[in-house]
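J.: Just dropping this structure here.
The values are calculated or read from the model by the stated rules, or taken from the named source; none is laboratory data. As the structure is a computational prediction, the values presented were derived from the model and not from experiment. Backbone-built Cβ (ideal geometry, glycine too); neighbour counts: all protein chains shown.
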């Protein structure tokens, strides 16, 4: 396994009645002496729709997403980590968030399934059920302080972007995921 260029990304679907409360903003269920961060999501109208909580662990980073009114109906949506923590200009699709977090290697392509990828900011698609998202995923491609993969809390910060369609994990530049519908600036807690 040591020949693998990047770590593995695992997505774990969390049941819709898992007990986490968006309104209650409970504290993190872990007591680690590791960096933590939060990211508050806004939609293209600039309205708050939920939060991500990030915990750096010894082998990667856990991302817990709790959102409402993400998109009408149910379905998969692409999600990526972007190079800058800037969700300004929501009505134009958050253009200042930059491209996907990546190590800058020439020729590196988007996509978990692309032979010349993935970017460090590539994540499995998320499933929204009737506008609600409660989801956990784990990545070894990036960490808050850069001790594992790419550093998210650098000078320019980083952000999450959620897209209107699922990511096919291959097509350039965003896996056919379409326009951005939500953004969240990652900030240390």
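J.: Of 185, 150, 136, 155, which residue is without any contact (Cβ under 8 Å) to a residue 60 or more places away in the chain, under 16 Å from the mean Cα position of the chain (by Cα) and closer than 21 Å to residue 53 by Cα?
T.: None of the other options fit; the residue is 150.
J.: Just for the stretch 72-94: of the residues that are at negative phi and more than 16 Å from the chain's Cα centre (by Cα), which one is surrounded by the most Cβ atoms within 10 Å (Cβ to Cβ)?
T.: Residue satisfying both the conditions and the ranking: 90.
J.: Now a separate question. Being at pLDDT below 90, surrounded by fewer than 23 Cβ atoms within 10 Å (Cβ to Cβ) and farther than 19 Å from residue 176 by Cβ, is that true of even one residue in the stretch 107-124?
T.: yes
J.: Search the stretch 119-132 for residues that are in a loop (DSSP other than H, G, I, E, B) and pair each with any residue that is surrounded by fewer than 15 Cβ atoms within 10 Å (Cβ to Cβ) when their beta-carbon atoms are under 6 Å apart and the residues are at least 6 apart or on different chains.
T.: Listed by first residue and then by second, the contacts come to 130/74.
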